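Working notes for the structure below.
Rule-based calculations on the coordinates, nothing more; no lab input. The model shown is predicted, which means the values in this text are computed figures rather than measured ones. Every residue, glycine among them, receives a Cβ derived from its backbone with ideal geometry; neighbour counts consider all protein chains shown.
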Amino acid sequence: MEKMQKKSLNRPDEVRTFEKGKIDLANFGDLTVGRAAFQPGWSWEECVKPIAKTESCQAPHTGYIISGRMKVTMDDGSTEEFGPGDVMLVPPGHNAWVLGDEPCVNVDFTGLKDYAKKS
């Protein structure tokens, strides 16, 4: 039987930083939950693509937007904007960027285990 566990993203197991962004991670075996903070001017293409070395983001994201706004464009051209209170399900194969002058902060339950992980 598994034991109950508690962690805080205010005292993360791991912190990853990259241009105009930061993620705080809590690891529970195969499950990684993270809080991402993307600054105005952040885009996946400019800030994470050089780390990922893929044409688009290949991580699936299931998350909740706490503050700020983000636009996501899928490889097929479909787009969506997300803002405070929105829950998002974004499959692999997309680009994203912050809209406006406020950082976009979100909690992600599926896509951060290897996100922006430098080798």
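For the chain, a simple Cβ point-charge model (Lys and Arg +1, Asp and Glu -1, everything else neutral) yields a dipole of about 560 debye relative to the Cα centre. Along the charge dipole of the chain, which of 54, 23, 96 sits closest to the positive end, that is, farthest toward it, with unit charges on the beta carbon of Lys, Arg, Asp and Glu (+1, +1, -1, -1)? In the chain, that residue is 23. Here the residues 15, 72, ranked from fewest to most Cβ neighbours within 10 Å of their Cβ, fall in the order 15, 72.
Full extension from residue 14 to residue 80: what is 0.36 nm times the residue separation minus their Cα-Cα distance, to one decimal in nm?
20.8 nm
By definition, a body whose alpha carbon gyration tensor gives a ≥ b ≥ c is rounded when a/c is under 1.5, and the stretch 16-108 falls into this rounded group. Footprinting exposure proxy ranking of 70, 4, 88, fewest other C-beta atoms within 10 angstrom first, gives 4, 88, 70. A full extension of the chain between residue 99 and residue 27 corresponds to an added length of 23.0 nm, given 0.36 nm per residue minus the alpha carbon distance. Mind running the shape call on the stretch 1-48? Use the C-alpha gyration tensor, a ≥ b ≥ c as the square roots of the eigenvalues: rounded below 1.5 for a/c, prolate if a/b tops b/c, oblate otherwise. Cα axes put the stretch 1-48 in the prolate bin. Scalar couplings 3J(HN,Hα) for the stretch 12-21, obtained by applying the Karplus form with A = 6.51, B = -1.76, C = 1.60 to θ = phi - 60°, are x, 5, 8, 10, 10, 10, 7, 3, 6, x Hz; x denotes Gly and Pro. Among the GluC sites (Glu not before Pro) in the stretch 1-65, those located in a DSSP loop and surrounded by at most 14 other Cβ atoms within 10 Å of their own Cβ are 2, 19, 55. Please list the non-local residues whose amide H lies under 5 Å from the amide H of residue 14, H modeled 1.01 Å from N, same-chain partners needing a gap of 5 or more. It is 25, by chain and number.
The phi torsions of the stretch 29-41, fed into the Karplus equation with coefficients 6.51, -1.76 and 1.60 and a -60° offset, translate into couplings of x, 7, 9, 10, 10, x, 10, 9, 10, 10, 7, x, x Hz, rounded to whole numbers, with Gly and Pro shown as x.
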